[in-house]
Structure formats: structure tokens, C-alpha cells
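The values are calculated or read from the model by the stated rules, or taken from the named source; none is laboratory data. Computed from a predicted model, the values in this text were never measured in an experiment. FYI the Cβ positions are ideal-geometry reconstructions off the backbone, even for glycines, and counts take in every protein chain you see. Note: accessible area is taken over every heavy atom of the protein model, side chains too, but ligands, DNA and RNA are not part of it. Shrake-Rupley method; radii C 1.70, N 1.55, O 1.52, S 1.80 Å.
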Amino acid sequence: MADDPHGMVTGSNGGGLLYVADWGGAVHRSRAASTDDGEFDKVADDLPQFLDRLRRCVTRFVTRVSRES
């Protein structure tokens, strides 16, 4: 079902929050370090959008760190 955060876990932020792709392709982030509580927020409409947002965040981080060095 689309917009249902129950699907395939596709990643983690390293601190316990999980990213899940639902059956419709949308990506959701857990609010806690567990899938048991069932609280997720939609962060992207599909995997390409999620990956583009991730790329932009990494690019901003690298640019900022480069300026500080």
C-alpha cells in the first residue's frame, strides 16, 4: 500500500533511525530507533528523490567542511 511505512528497510542514519521504502515507492524515516512503535514520517515520494536529497546534504556538508579547513 502506498504511503504505508511498512515495507523494506533501505538504510539507517547510523544512530538508530531507519529508512523504509513502502510498497508504493515512498521513503519514510522512523521517529525512534525501532520499527515496533510504527511512527514514521514520509521524507520522499520515491527513492530517486530520497537519493537526490541525500546527495545534496552530503554536498553541503563537504562544502562547509572544506571552507573550515
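Scanning the stretch 52-64 finds one or more residues that are touching a strand residue (DSSP E or B) at 6+ places or on another chain (Cβ under 7 Å), open to solvent by 40 Å² or more (accessible area, probe 1.4 Å) and either assigned to a strand (DSSP E or B) or not acidic (Asp, Glu) (or both). Within the stretch 33-47, one or more residues are in a helix (DSSP H, G or I), at pLDDT below 95, open to solvent by 60 Å² or more (accessible area, probe 1.4 Å) and over 13 Å from Asn13 (Cα atoms).
Selection within the stretch 1-19: residues that are over 9 Å from the mean Cα position of the chain (by Cα) and open to solvent by less than 60 Å² (accessible area, probe 1.4 Å). The member of this set that is modelled with the lowest pLDDT is Pro5. Residues considered: Val43, Val58. Of these, the only one that is of a type in the set (A, V, I, L, M, F, W, C) and either more than 11 Å from the chain's Cα centre (by Cα) or on the phi > 0 side of the Ramachandran plot (or both) is Val58.
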